[in-house]
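So the structure is just underneath, and the comments pick up after that.
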Amino acid sequence: MLRETKKKVYTGVVILLVIVAAAFFYLSFVYMPKCQNYECWQEHMIKCSKTSFVNEQIEASWGYKIKGKTGDLCDVEVTLLLAKEGELGIDKLVGDKMICSFPIGTAAYAENDLSACSGLLKEKLQTLIINKLHAYILENLAKVAEGIEQAV
């Protein structure tokens, strides 16, 4: 009878340890709280603690996930969730992602500083920017040439 009681106690302890280990794993690696405003996002980003946030802007919705620390940098995954309006031409980039790495203690909107980012979304955004600048230059080349002639 004493042997049977010990066996039940050991089984209970093992089950309890498995539950605690599963909870620890979930909270450490899977669970990611969601921020509802920029202040919450800013607090988490400064500490580089895992969270997610959706930044609703006029022209697009951006999804952010703090992935964790790499040395002295905080890695943030940025996803273009929805292209809303405007002539940016970013609707083809919906669903694309990039990883942005900021110094720990920094809070920023990642898409505003592409120099800190890498990935497919960054490459496509840069291509769009270059194409827009090229078109703008070609449209205004005559005005620039006219201004140069007047100056000479």
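The values are calculated or read from the model by the stated rules, or taken from the named source; none is laboratory data. The structure presented is a predicted model; accordingly, all values stated were derived computationally and were not measured. FYI the Cβ positions are ideal-geometry reconstructions off the backbone, even for glycines, and counts take in every protein chain you see.
Residues are listed down the side, and each one gets a yes or a no for (1) surrounded by 12 or more Cβ atoms within 10 Å (Cβ to Cβ); (2) modelled with pLDDT of 90 or more:
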site	(1), (2)
Lys47	yes, yes
Gly63	yes, yes
Glu87	no, no
Ala107	yes, no
Ala110	yes, no
Leu138	no, no
Ala151	no, no
Can you go through Glu77, Glu85, Glu139, Glu111 and tell me which one is among the acidic types (Asp, Glu), without any contact (Cβ under 8 Å) to a residue 40 or more places away in the chain and in a helix (DSSP H, G or I)? Glu139
